[in-house]
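Colleague: Just dropping this structure here.
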Amino acid sequence: MEAKITLLPGDGIGPEIVVEAKKVLTAVAAKFNHTFDMPAYIYGGAAIDELGDPLPEETLAACLNSQGVLMGAVGGPKWDDPTAAVRPEQGLLRLRQALGVFANLRPVKVFDALADASPLKPERVKGVDILFVRELIGGIYFGTPQGRSEGAHGREGFNTMRYNEMEIRRVLQVAFDLARKRRGKVTSVDKANVLATSRVWREVAHEVAAENPDVQYEDILVDAMAMYLINRPADFDVVVTGNLFGDILSDEASMITGSLGMLPSAALGAAGSVGLYEPIHGSAPDIAGQGIANPLATILSAAMLLRSSLYLDAEAAAVETAVAQVLAAGHRTSDIARPGDKPVTCAAMGDLVAAAL
Ligand code: NAD
Ligand code: IPM
Ligand code: MN
């Protein structure tokens, strides 16, 4: 196969982790006889510095003109001035919207070798296999009006949480379709006791559930869900929720696996749209430039790209198996290291996975 994969390294640890995922994709191409063209484009804070725009036209065009986009992360203290007119994160939101990737799949699966890396007790962590389906291009992230103004009580900031039936229905349907291929259970998370948005969400969710009677369905309020994820994470299969709740709950759930540095994601749209693949974590400015970031979330995101955008199932599984083997052999970056381990660098971890392939 010949495929074009656009790389968006971005900021902070972004370039360090994306280069390791590229290494692994290069090894996949060699082993399975494919040709992957993997050009990198400027994006995020780096693109603000150079061009004044976090998502330059040429970068967006390259993304739209490829079979899949693999991203590192954007943002950092340099661009965090709260009064700045442009922000790196705006580039990411615009990219997701331009690609139309409304369903963000965030799998939370514990590698056997990492059962002891979680701060939760091993017996709670055992058997956890959750697939978050986070709505990605709606809700309070995009609702209007949003902005700031001066009022009688000083500065005021405002956002609007909005969901319509079409947006709710299409992401719920993705959740049901995925659940059918897994353990057959969907949990929808909302705040229907307080938010009007959530009451519409729940109403539509129940309609979609009625149309998919072969899949088990339940609703859980988001505050209780935050607790259940710690208390009984093994009870969940597919968890579908809105943009903001999904952002927060998936970072929380990452700790079940041992580290935020382990969680990949795939953002998918309607048939024919270009998928966006990224680790769920950010640019980790506190460790950027030290060569110690965990590249596995990005490498596992590359595996998701192989499976969902290039339909290369065996290749995707080979990457996941290579990661499992490297972990089983005891190799750890510092975020998942055990006391007494000598942690490997980001680059060494990439080399190990490529070699295991
Ligand atoms: P973060 O996810 O960057 O980091 C949180 C903590 O997790 C830090 O201690 C960090 O060192 C650690 N961590 C994250 N990824 C790691 C990895 N691969 N290996 C080892 N440790 C890792 O969140 P933050 O510090 O709140 O945000 C930093 C910046 O990243 C902000 O500007 C934020 O907007 C941005 N951000 C971007 C994305 C994205 O591009 N998709 C996602 C989240 C946050
Ligand atoms: C994520 C990030 C982004 C989000 C930010 C950087 C816009 O936290 O991908 O989880 O909130 O979606
Ligand atoms: Mn997030």
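The values are calculated or read from the model by the stated rules, or taken from the named source; none is laboratory data. On a predicted model such as this, the values are computed, not experimentally measured, just so you know. Here Cβ is always computed from backbone atoms with ideal geometry, including for glycine, and neighbour counts include all displayed protein chains.
The rows are residues; the columns are (1) surrounded by fewer than 19 Cβ atoms within 10 Å (Cβ to Cβ); (2) in contact with a Phe, Trp or Tyr (Cβ under 6 Å, 6 or more places away or on another chain); (3) under 30 Å from residue 259 (Cβ atoms).
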residue	(1), (2), (3)
86	yes, no, no
112	yes, no, yes
137	no, yes, yes
141	no, no, yes
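Colleague: Please verify whether region 145-160 includes one or more residues that are surrounded by fewer than 10 Cβ atoms within 10 Å (Cβ to Cβ), in the same structural domain as residue 246 (by TED's automatic domain parsing), farther than 17 Å from residue 300 by Cβ and aliphatic (A, V, I, L, M).
Modeller: yes
Colleague: Inspect all residues belonging to region 147-163 and state whether any of them is touching a strand residue (DSSP E or B) at 6+ places or on another chain (Cβ under 8 Å), part of a helix (DSSP H, G or I) and either within 16 Å of ligand 3 (Cβ to nearest atom) or not basic (Lys, Arg) (or both).
Modeller: There is no residue in region 147-163 that is touching a strand residue (DSSP E or B) at 6+ places or on another chain (Cβ under 8 Å), part of a helix (DSSP H, G or I) and either within 16 Å of ligand 3 (Cβ to nearest atom) or not basic (Lys, Arg) (or both).
Colleague: Continuing with the same structure: Would a scan of region 120-134 turn up a residue that is within 16 Å of ligand 3 (Cβ to nearest atom), within 23 Å of residue 279 (Cα to Cα) and in a loop (DSSP other than H, G, I, E, B)?
Modeller: no
Colleague: For the structure I just gave you, tell me whether residue 186 is of a type in the set (Val, Ile, Thr) and within 24 Å of the chain's Cα centre (by Cα).
Modeller: Here the answer is yes, as residue 186 does meet what is asked.
Colleague: A further question follows. Regarding residue 204, is this residue outside any strand (DSSP E or B) and in contact (Cβ under 8 Å) with a residue 24 or more places away in the chain?
Modeller: yes
Colleague: Could I ask something else about it? Name the residues in region 200-230 that are among the small types (Gly, Ala, Ser) and surrounded by fewer than 18 Cβ atoms within 10 Å (Cβ to Cβ), would you?
Modeller: Passing the criteria: 210, 224, 226.
Colleague: So which pairs qualify, if the first residue must be in region 286-313 and in the same structural domain as residue 353 (by TED's automatic domain parsing) and within 23 Å of residue 337 (Cα to Cα), the second must be among the hydroxyl-bearing types (Ser, Thr, Tyr) and more than 16 Å from ligand 3 (Cβ to nearest atom), the Cβ gap must be under 6 Å, and the two must be at least 6 apart or on different chains?
Modeller: Between residues of region 286-313 that are in the same structural domain as residue 353 (by TED's automatic domain parsing) and within 23 Å of residue 337 (Cα to Cα) and residues that are among the hydroxyl-bearing types (Ser, Thr, Tyr) and more than 16 Å from ligand 3 (Cβ to nearest atom), the close pairs are 291/345; 292/334; 294/333.
Colleague: Among the listed residues 267, 234, 314, identify the single one that is in contact with a Gly (Cβ under 6 Å, 6 or more places away or on another chain) and either within 26 Å of residue 44 (Cα to Cα) or away from ligand 2 (no atom under 16 Å from the Cβ) (or both).
Modeller: It is 234.
Colleague: Within region 243-259, which residues are under 17 Å from residue 194 (Cβ atoms) and either β-branched (Val, Ile, Thr) or over 14 Å from the mean Cα position of the chain (by Cα) (or both)?
Modeller: 248
Colleague: Looking only at region 258-279, count every residue that is more than 7 Å from ligand 1 (Cβ to nearest atom), under 22 Å from residue 323 (Cα atoms) and in a loop (DSSP other than H, G, I, E, B) and tell me the total.
Modeller: Counting residues in region 258-279 that are more than 7 Å from ligand 1 (Cβ to nearest atom), under 22 Å from residue 323 (Cα atoms) and in a loop (DSSP other than H, G, I, E, B) gives 4.
Colleague: Scanning region 231-263 for residues that are aliphatic (A, V, I, L, M) and away from ligand 3 (no atom under 11 Å from the Cβ), which turns out surrounded by the fewest Cβ atoms within 10 Å (Cβ to Cβ)?
Modeller: 234
Colleague: Report every pair of residues separated by at least 6 positions or lying on different chains whose Cβ atoms are under 7 Å apart, first residue within region 245-256 and over 21 Å from residue 117 (Cα atoms), second of a type in the set (Phe, Trp, Tyr) and within 8 Å of ligand 2 (Cβ to nearest atom).
Modeller: Hits for this filter: zero, empty list.
Colleague: Tell me which residues, restricted to region 210-224, are assigned to a helix (DSSP H, G or I), within 25 Å of the chain's Cα centre (by Cα) and within 22 Å of residue 170 (Cβ to Cβ).
Modeller: Within region 210-224, 222 is the sole residue that qualifies.
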